[in-house]
Amino acid sequence: MHYQDKLRVGAAQINTTLGELNANIDRHLSLIAEAKRKGVELLVFPELSLTGYRLANQVMQVAMPLEDPRLKTLANACGSMQVVMGFVEEASPGEYYNALAIFQHGQLMGVHRKLNLPTYGGLEEGKWFTHGSELTHTDICPGWSATQLICADLWNPALVHAALLARPTVLCAPINSASGIVSEDFSNEENWALNTRFYAMTYGTPVIMANRFGPEGDSHFWGGSRILGPGGETLAQADDEEVLIMADLSRTAIAKARFELPTHRDADTPLVRELMAGYR
């Protein structure tokens, strides 16, 4: 099988209008069309990009079952490009997930439900959402695949390690990060840069981090969306604005990074599994 060496990827740094599904869908459709014109093959939107973040009791009003025709409209718009976007999934009456819809070829290719729901500082997700229970992995094209983790999922190192053991070529990281939302002393701006660079470099895996930019109530989402190469190098970074950023990833560069720092090869997975079982 022939594997293409290059993959053009993008991160859509947008601001979402809280609770306004139809307006937000139109914004997504516009950016999907722009990304397709520019040859993007994998496009990542921020966490909860269709709904906004501080939903509280609005969760029930904006939630969509997977059969919702609006999701089918979005799927049809994506064509051969794989698109990752955030929404509230209604799994059953009263059961709601902070989730990602993953579209390609007019189909819903997968759904990732957020695993680590932060309920500290100004974060209250555990009050409104149900915890996910599975990791997600999708094929993009021959030789290219992705795993998807949402925001606080990446602050649980065991989740990241488990997700990357599947050897995806790309880690998609949609987030909703506002300045000072954890605490006055915890800098989301500095610590997200550290977090994503560490994982990209350690696992030889490019990271697409898509954050929002702009206000929502009394919160300010600081942007900083970035695309990192397999050595942790910055390939593209968003300025303080709504913008689509893009970069070309190289499968050869990923292979070189993983050969030089063989984290996957040398991971003592049976031992890790045994040790984790002992802490239950």
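The values are calculated or read from the model by the stated rules, or taken from the named source; none is laboratory data. A quick note: this is a predicted structure, and the numbers were derived from the prediction, not measured. Counting neighbours? That spans all protein chains shown, and the Cβs are built from the backbone with ideal geometry, glycine included. Areas reflect the complete protein model, heavy atoms only, side chains present, ligands, DNA and RNA absent. Shrake-Rupley method; radii C 1.70, N 1.55, O 1.52, S 1.80 Å.
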Which numbered condition residue 232 fails, given (1) at positive phi; (2) without any contact (Cβ under 8 Å) to a residue 24 or more places away in the chain; (3) of a type outside the set (Asp, Glu): (2)
message: Looking at 129, 103 in this structure, which one is touching a residue at least 12 places away in the same chain (Cβ under 8 Å), open to solvent by less than 50 Å² (accessible area, probe 1.4 Å) and over 24 Å from residue 225 (Cα atoms)?
response: 129
task: From the list 251, 226, pick out the single residue that is touching an Asp or Glu at 6+ places or on another chain (Cβ under 6 Å) and under 16 Å from residue 42 (Cβ atoms).
output: 251
- prompt: Taking segment 256-276 on its own, how many of its residues are at pLDDT 95 or above and either hydroxyl-bearing (Ser, Thr, Tyr) or buried (at least 16 other Cβ atoms within 10 Å of the Cβ) (or both)?
  reply: 3
message: Please go through segment 195-214 and give me each residue that is open to solvent by 10 Å² or more (accessible area, probe 1.4 Å) and either in contact (Cβ under 8 Å) with a residue 60 or more places away in the chain or farther than 15 Å from residue 149 by Cβ (or both), ordered by number.
response: 197, 201, 202, 203, 213
Sole residue being in contact with a Leu (Cβ under 9 Å, 6 or more places away or on another chain) and within 21 Å of residue 179 (Cα to Cα), chosen from 217, 224, 229: 217
- line: In segment 3-61, anything among the basic types (Lys, Arg) and in a loop (DSSP other than H, G, I, E, B) is listed as 38, 54
- request: Return a yes/no flag: does segment 70-89 have any residue that is farther than 24 Å from residue 132 by Cβ, outside any loop (DSSP other than H, G, I, E, B), touching a helix residue (DSSP H, G or I) at 6+ places or on another chain (Cβ under 8 Å) and touching a residue at least 40 places away in the same chain (Cβ under 8 Å).
  value: yes
message: Residue pairs, Cβ under 8 Å, 6 or more apart or interchain, first in segment 261-280 and over 16 Å from residue 159 (Cα atoms), second surrounded by 10 or more Cβ atoms within 10 Å (Cβ to Cβ) and β-branched (Val, Ile, Thr). List them.
response: 261/202
field: Selection within segment 76-100 - of a type in the set (S, T, N, Q) and surrounded by 15 or more Cβ atoms within 10 Å (Cβ to Cβ)
entry: 82, 98
message: Being open to solvent by 70 Å² or more (accessible area, probe 1.4 Å) and closer than 30 Å to residue 252 by Cβ narrows it down to one residue among 135, 154, 149; which is it?
response: 135
- request: Just give me the residues in segment 157-186 being open to solvent by 50 Å² or more (accessible area, probe 1.4 Å) and polar (S, T, N, Q), in sequence order.
  value: 179
query: Is at least one residue of segment 241-255 open to solvent by 80 Å² or more (accessible area, probe 1.4 Å), touching a residue at least 12 places away in the same chain (Cβ under 8 Å) and more than 24 Å from residue 84 (Cα to Cα)?
result: yes
Selected residue (criterion: surrounded by the most Cβ atoms within 10 Å (Cβ to Cβ)) from residues of segment 3-29 that are closer than 20 Å to residue 236 by Cβ and among the small types (Gly, Ala, Ser): 11
query: Restricting the search to segment 41-65, which residues are open to solvent by 10 Å² or more (accessible area, probe 1.4 Å) and more than 15 Å from residue 88 (Cβ to Cβ)?
result: 41
